[in-house]
Amino acid sequence: MAYAEITENGHPEHLSFFRRWFMSTNHKDIGTLYLIFACCAGLIGGMMSVAMRYQLMMPGGHLFGADHQAYNVVVTGHGLTMIFFTIMPALIFGFGNWFIPLMIGAPDMPFHGSTISAFGCSSRPSPCC
Ligand code: HEM
């Protein structure tokens, strides 16, 4: 069970926040983690779109001035963040983890230990840090 293990004396063992969420093997917990991750990435991508709109608000640009390369970097960062860190984690992994077991009548995803490990790998800059 993901939320709390039932101990021998019948009382639930309350898990720390880290163990409750980041060591959970429950498909709904993992799906929720992906959805929260996608929301955070969406806010970052959204901040980049605000920067772009501010730059394009008037001729000449206010934010980046004559540094056109910096503007290009923000456009690329916005596009990559929105597609690979917002849309794909939310639709494929968030909703996938949540709904596929429910739709096929399975108790959980297969290899759910791998699924939470995959979240740990995908939500960090690199698997090494
Ligand atoms: C599904 C993914 C995306 C979402 C949800 C999204 C969302 C947004 C939003 C809300 C704005 C602000 C619009 C405005 O200021 O009127 C914006 C602006 C912009 N986005 Fe995206 N975006 C996505 C993908 C991309 C991609 C892939 C690119 C290209 C690499 C891109 C390039 C731009 C540019 C250039 C602007 C500035 C346009 C302007 O303000 O005139 N976006 N985006």
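The values are calculated or read from the model by the stated rules, or taken from the named source; none is laboratory data. Note that the structure is predicted; figures quoted are calculated from it, not measured. Every residue, glycine as well, gets a Cβ built from its backbone with ideal geometry; the counts of neighbours run over all protein chains shown.
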Handout entry: Checklist (1) within 12 Å of the ligand (Cβ to nearest atom); (2) buried (at least 17 other Cβ atoms within 10 Å of the Cβ) applied to Thr76, failing item
Key = (2)
Problem - Any helices (runs of 4 or more DSSP H) falling wholly within the range 36-129 and containing at least 3 residues that are modelled with pLDDT of 90 or more and over 26 Å from Asn26 (Cα atoms) - result: 68-80
Handout entry: Verdict on Met57 being within 15 Å of the ligand (Cβ to nearest atom) and closer than 24 Å to Gly120 by Cβ
Key = no
